[in-house]
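Enquirer: My structure is below; once you've seen it, I'll send some questions.
Every read-out reported here was derived from the displayed coordinates using simple, explicitly stated rules and does not represent laboratory data. Because the structure is predicted, anything quoted here is derived from the model rather than measured. FYI the Cβ positions are ideal-geometry reconstructions off the backbone, even for glycines, and counts take in every protein chain you see.
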Amino acid sequence: MTEARFYKATGDGVRCLLCPHHCLIKEGKRGICRSRECHDGKLYALSYGKPCALAIDPVEKKPLNRFMPGTYCLSLSCTGCNLSCRWCQNSDISQAAPEDSDHTTLSPEEVVAACIKNGLPSIAYTYTEPFTWWEYMFDIAVQAHEKGLKNILVSAGYVEKEPLNEILPFIDAANIDIKAMDDSFYREYCGATLSPVLENILAMKEAGVHLEITNLLVTGLNDSAEQVGKLCEWMVSNGLQDLPLHFSRFFPRYKMTETTPTPKASLVMARDIALSSGIKTVYLGNI
């Protein structure tokens, strides 16, 4: 097993310091993400080297419409997520432990070699929450840069500053999913909080990472003009009006199978609000 980073020993286990949850993990137990376990007073990253999903995707699928457009990337994922969104589109792998999902075994060197063999210019860490398999992503990203490849992060952005700052020099582009501009929404529907996400987006921008933002409009929850307006206002007030903003359509999934898909009119409304607020580039997704 691979020892995890960013934790400290406690009297009866460890305290994980990877994300704002700061899980207290007792001997033989795991954190919220299901992929980090305590053994003999140490924390281990159980999903290291065990990708559960591999694919060759157009970079626009991430979605990144303004970063190396027209190219393809090697998409890679391991199980695990530190959020629990009720509408999760990949719950079979994000809300699963490593042993609960089919996976292959690939070292960081093998991942980079596969990317080069297929003539792909970039690697995307995607589908689940890459920060929950930080160690694996970091080792791949470092070697990818050494070979001249680009690294793409697709994330909810819920991570502590130290692990974020350590990996940022190797991240070239990122799409960050803002669930809603409402902390109570994050707590009730995603099992997380809002402020770390916003702070991390600003840190990525400051580090020179190419950024694009996604906002999934969930019917009746965050698709109001008020919610959309708050997001656009935050972006503009923080000098992020040049970032591409993607509004994506919700479809029933996971624990929200009875909710209807987002009306297309809601996406058009969101686009109009964003453009009138000063956001320069807006895309509509899943339509």
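Enquirer: Would you give the gap between the C-alpha center of region 134-179 and the C-alpha center of region 51-87, rounded to a whole Å?
Expert: 12 Å
Enquirer: For region 112-230, compute the orientation-averaged projected area of the C-alpha convex hull (one quarter of its surface), in nm². List each step's numbers first, then the result.
Expert: Details: hull surface 31.8 nm².
Averaged projected hull area, Cα only: 8.0 nm².
Enquirer: Order of Trp134, Trp234, Trp87 from fewest to most other C-beta atoms within 10 Å?
Expert: Listed from fewest to most nearby Cβ atoms, that is Trp234, Trp87, Trp134.
Enquirer: To the nearest 20 Debye, how big is the dipole of the chain about its Cα centre, given +1 on the beta carbon of each Lys and Arg and -1 on that of each Asp and Glu? It would help to have the intermediate numbers written out before the result.
Expert: Working: 28 positive and 34 negative charges, 68 e Å.
Charge dipole, the chain, about its Cα centre: 320 debye, nearest 20.
Enquirer: Return Val209, Val236, Val112 ranked ascending by Cβ neighbour count within 10 Å, so the fewest neighbours appear first.
Expert: Details: Val209 20, Val236 14, Val112 23.
Ascending Cβ contact count within 10 Å gives the list Val236, Val209, Val112.
Enquirer: Please list log₁₀ I(q)/I(0) at q = 0.09, 0.10, 0.18 Å⁻¹ for region 58-192, using the Debye equation with identical point scatterers on the alpha-carbon positions.
Expert: -0.26, -0.33, -1.06
Enquirer: If you average the sequence gap of Cα pairs under 8 Å that are 6 or more apart and divide by the length of the chain, what percent do you get for the contact order? Write out the running numbers ahead of the final one.
Expert: On the way: 599 pairs, mean separation 40.6, N = 287.
14 percent.
Enquirer: Choose one of Tyr189, Val59, Val228: the residue whose Cα lies farthest towards the positive end of the charge dipole of the chain (beta-carbon charges +1 Lys, Arg; -1 Asp, Glu; about the Cα centre).
Expert: Farthest towards the positive pole: Val228.
Enquirer: Would you mind ranking Lys8, Lys61 by Cβ crowding within 10 Å, fewest neighbours first? Numbers along the way, then the final one.
Expert: Numbers: Lys8 10, Lys61 15.
Going from sparsest to densest Cβ surroundings: Lys8, Lys61.
Enquirer: Shifting gears a bit: Size of region 9-92 along its principal axes in angstrom, Cα-based, largest extent first?
Expert: Taking max minus min along each principal axis of the Cα atoms, region 9-92 gives 53, 27, 23 Å.
Enquirer: Any idea which of Gly41, Cys19, Ala9 is furthest toward the positive side of the dipole for region 2-45, if Lys and Arg beta-carbons carry +1 and Asp and Glu beta-carbons -1?
Expert: Cys19
Enquirer: Name the residue from Ser91, Thr79, Pro252 whose Cα lies farthest towards the positive end of the charge dipole of the chain, charges +1 on Cβ of Lys and Arg and -1 on Cβ of Asp and Glu.
Expert: Pro252
Enquirer: Viscosity 0.890 mPa s, temperature 25 °C: Stokes-Einstein D of region 190-287 from its Kirkwood Cα radius, in µm² per second? Let's see the in-between values first.
Expert: Details: Rh = 14.1 Å.
Calculated translational D: 174 µm²/s.
Enquirer: What are the principal axis extents of the Cα atoms in region 70-120, in Å, biggest first?
Expert: Between the extreme Cα coordinates on each principal axis of region 70-120 lie 37, 29, 16 Å.
Enquirer: Exactly which GluC sites (Glu not before Pro) in region 1-71 are in a DSSP loop and have at most 13 other Cβ atoms within 10 Å? Write down the numbers at each step before the final one.
Expert: Values: sites: Glu3, Glu27, Glu37, Glu60; in loops: Glu27.
Sparse-neighbourhood loop GluC sites (Glu not before Pro): Glu27.
Enquirer: Rg over Rh of region 93-157, using C-alpha atoms and the Kirkwood radius, what does it come to?
Expert: Rounded to two decimals, Rg/Rh equals 0.97.
Enquirer: Over the Cα atoms of region 2-45, what is the Rg over Rh ratio if Rh follows Kirkwood?
Expert: Numbers: Rg = 8.6 Å, Rh = 9.7 Å.
Taking Rg over the Kirkwood Rh, I get 0.88.
Enquirer: What does the chain give for Rg and for Dmax, in Å, if only its C-alpha atoms count?
Expert: 18.4, 57
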